[in-house]
Amino acid sequence: MSLKIQTVTSHAKDPKTSSHSHITGLGLDDEGNVKDIADGMVGQKEAREASSLMKELILQKQVAGRTILFAGPPGTGKTALALAISRELGPKVPFCAMTGSEVYSAEVKKTEILMSNIRRSLGLRIKENKEVYEGEVTELIPQEVEDPLNGYGKTVQSVIIGLKTVRGSKQLKLDASIYESLQKEKVIAGDVIYIEANSGAVRRVGRSDAFATEADLEADEYVPIPKGDVHKKKEVVQDLTLHDLDLANARPQGGQDVMTMIQSLGKPRKTEITDKLRLEIDKVVEKYIDQGIAEFVPGVLFIDEVHMLDLECFTFMNKQMEKSLSPIIILATNRGKTKVRGTDIISDFGMPRDLIDRLTIITTIPYNPQEVSEILKIRAHAEGIPIAADALVRLAQIGAETSLRYALQLLTPAWIQAEMNAYDEVTQEAIDDVHDLFLDVQRSSRILKDNEEVYLA
Ligand SMILES: Nc1ncnc2c1ncn2[C@@H]1O[C@H](COP(=O)(O)OP(=O)(O)O)[C@@H](O)[C@H]1O
Ligand SMILES: [Mg+2]
């Protein structure tokens, strides 16, 4: 099988991070030690130190097949820590985040969902020496001729493109298909691009920095005009995941013509990735790795609320972790001793024993009032909510009595309340108002207990 990697586009999943948007890392100093407050992270120092160590091991590829579990009460920063690790790892290491309950879908098998997420976290870095034409586009002129099939229309027969580097410039006459690729990449004069000589694939690198003073609303990446000749050998690096390869090789790309688009309208856009296809892809990939063409980059699969998985899923995961191409798994749970879903077995964290044996466990502990206050302050700032000093004290106190998450959830309603009363910051009164309007878990369950007879059992 020959693997299609030319036209692979990345399908990285965007983790839903809005409530964690203030977190930009683990908050480490240059020596890798944990700072009190940094990168949006407050307290939880031991767990952060352990996470920092894990991050190092992951970067040094020392933890293949290892599983890390964040265990601790709700709202103690387990999800935040996992995402902080992903920020520390940077964009080159694949990181796929999912929640345990995502496996329950009416259409797709549980194990298929796990499998595709595992493959999203397995990265490949492919380096190739390619013959390319590279430079800043100086001109782009399509050559039109009368379309012999259509008496009135014209068709593009070829394209003339001018490319400029520091050393020289060249004018090329290229095939019409490359004109299509140029349009797809939205290439215009002043862009820096390269065209692969063999495949004709076009890549737009960015806007030439000669144009950096243009008033440009869209954030564009400015790049220097390439050095060397227009026509040269260039090392081209592609970072992709096995999931990208699965998709690219399952669904024939192209098919941009009107008929295929209409035909696919009625059909659900399901991609048929079979086990057989994956096996074949793995075989080729392993060969590439052996030959040094590709470098394996084990990434991270993060499964939040892992107690939502059932025995079938746990068994499947256990089997996958034995494979040579396997990601680092990070799990998080707030459960203590409880039943493994789908069985009557009671076990720590609601996970089967054989999986627990593999775990490196990092525990998180509840925050003290001062830490709660610091986190609230950071969040208020991130959400652009002005808050009075005494209101912050009051909210922190509520957070310490109930939970951090409950206090965080009061921020926005309190701000709306304050605005309605024409204040320009959240006041202590507004906090008390919304605290009366909404219930935290303890008060809610007390009310349920006191009024048991009026609720349906
Ligand atoms: N140490 C921390 N520093 C800064 N923000 C935190 C910290 N711990 C938790 N948070 C924030 O508090 C909220 C709840 O934390 P979360 O990670 O969702 O808890 P858990 O996953 O343990 O239930 C999130 O918005 C999170 O970003
Ligand atoms: Mg969580």
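For the reader, a short list of remarks on this structure follows.
- Near pairs, Cβ below 7 angstrom, 6+ apart or cross-chain, from segment 425-438 (among the acidic types (Asp, Glu)) to any residue that is surrounded by fewer than 20 Cβ atoms within 10 Å (Cβ to Cβ): 425/386; 425/388
- Restricting segment 32-46 to residues that are closer than 21 Å to residue 97 by Cα and surrounded by fewer than 23 Cβ atoms within 10 Å (Cβ to Cβ), the residue that is farthest from ligand 1 (Cβ to nearest atom): 39
- Those residues of segment 363-406 which are of a type in the set (Val, Ile, Thr), within 16 Å of ligand 2 (Cβ to nearest atom) and either over 20 Å from residue 76 (Cβ atoms) or in contact with a Leu (Cβ under 8 Å, 6 or more places away or on another chain) (or both), in sequence order: 364, 375
- Some residue of segment 416-433 being surrounded by 20 or more Cβ atoms within 10 Å (Cβ to Cβ), closer than 20 Å to residue 23 by Cα and out of contact with any strand residue (DSSP E or B) (no Cβ under 9 Å at 6 or more places or on another chain): no
- Restricting segment 86-109 to residues that are touching a Phe, Trp or Tyr at 6+ places or on another chain (Cβ under 7 Å) and not in a strand (DSSP E or B), the residue that is surrounded by the fewest Cβ atoms within 10 Å (Cβ to Cβ): 89
- From 144, 139, 134, residue being at pLDDT 90 or above, assigned to a strand (DSSP E or B), among the acidic types (Asp, Glu) and in contact with a Ser or Thr (Cβ under 8 Å, 6 or more places away or on another chain): 134
- Some residue of segment 113-120 being without any contact (Cβ under 8 Å) to a residue 24 or more places away in the chain, within 25 Å of residue 237 (Cα to Cα) and not in a strand (DSSP E or B): no
- Segment 296-313 - residue that is charged (D, E, K, R) and assigned to a strand (DSSP E or B) and, of those, nearest to ligand 2 (Cβ to nearest atom): 304
- Residue that is more than 16 Å from ligand 1 (Cβ to nearest atom), under 18 Å from the mean Cα position of the chain (by Cα), assigned by TED's automatic domain parsing to the domain that holds residue 41 and closer than 25 Å to residue 281 by Cβ, where the choices are 115, 98: 115
- Qualifying residue in segment 83-95 (condition: in contact with a His (Cβ under 7 Å, 6 or more places away or on another chain), within 16 Å of ligand 2 (Cβ to nearest atom) and at negative phi): yes
- Candidates are the residues of segment 170-206 that are surrounded by 16 or more Cβ atoms within 10 Å (Cβ to Cβ) and part of a loop (DSSP other than H, G, I, E, B); the one that is modelled with the highest pLDDT is 187.
- Any chance residue 167 is in contact (Cβ under 8 Å) with a residue 40 or more places away in the chain and buried (at least 18 other Cβ atoms within 10 Å of the Cβ): no
- Among (1) at pLDDT below 90; (2) in contact with a helix residue (DSSP H, G or I) (Cβ under 6 Å, 6 or more places away or on another chain); (3) of a type in the set (S, T, N, Q) - the single one residue 62 does not satisfy: (2)
- Counting the residues of segment 305-338 that are of a type in the set (A, V, I, L, M, F, W, C) and under 18 Å from residue 58 (Cα atoms) gives 7.
- Selected residue (criterion: surrounded by the fewest Cβ atoms within 10 Å (Cβ to Cβ)) from residues of segment 314-352 that are within 16 Å of ligand 2 (Cβ to nearest atom) and not aliphatic (A, V, I, L, M): 336
- Selection status of residue 77, surrounded by 13 or more Cβ atoms within 10 Å (Cβ to Cβ), within 16 Å of ligand 1 (Cβ to nearest atom) and either small (Gly, Ala, Ser) or modelled with pLDDT of 90 or more (or both): yes
The values are calculated or read from the model by the stated rules, or taken from the named source; none is laboratory data. What you are looking at is a predicted structure, and each value in this text was computed from that prediction instead of being measured. Note: ideal-geometry Cβ built from the backbone for every residue, glycine included; neighbour counts use all protein chains shown.
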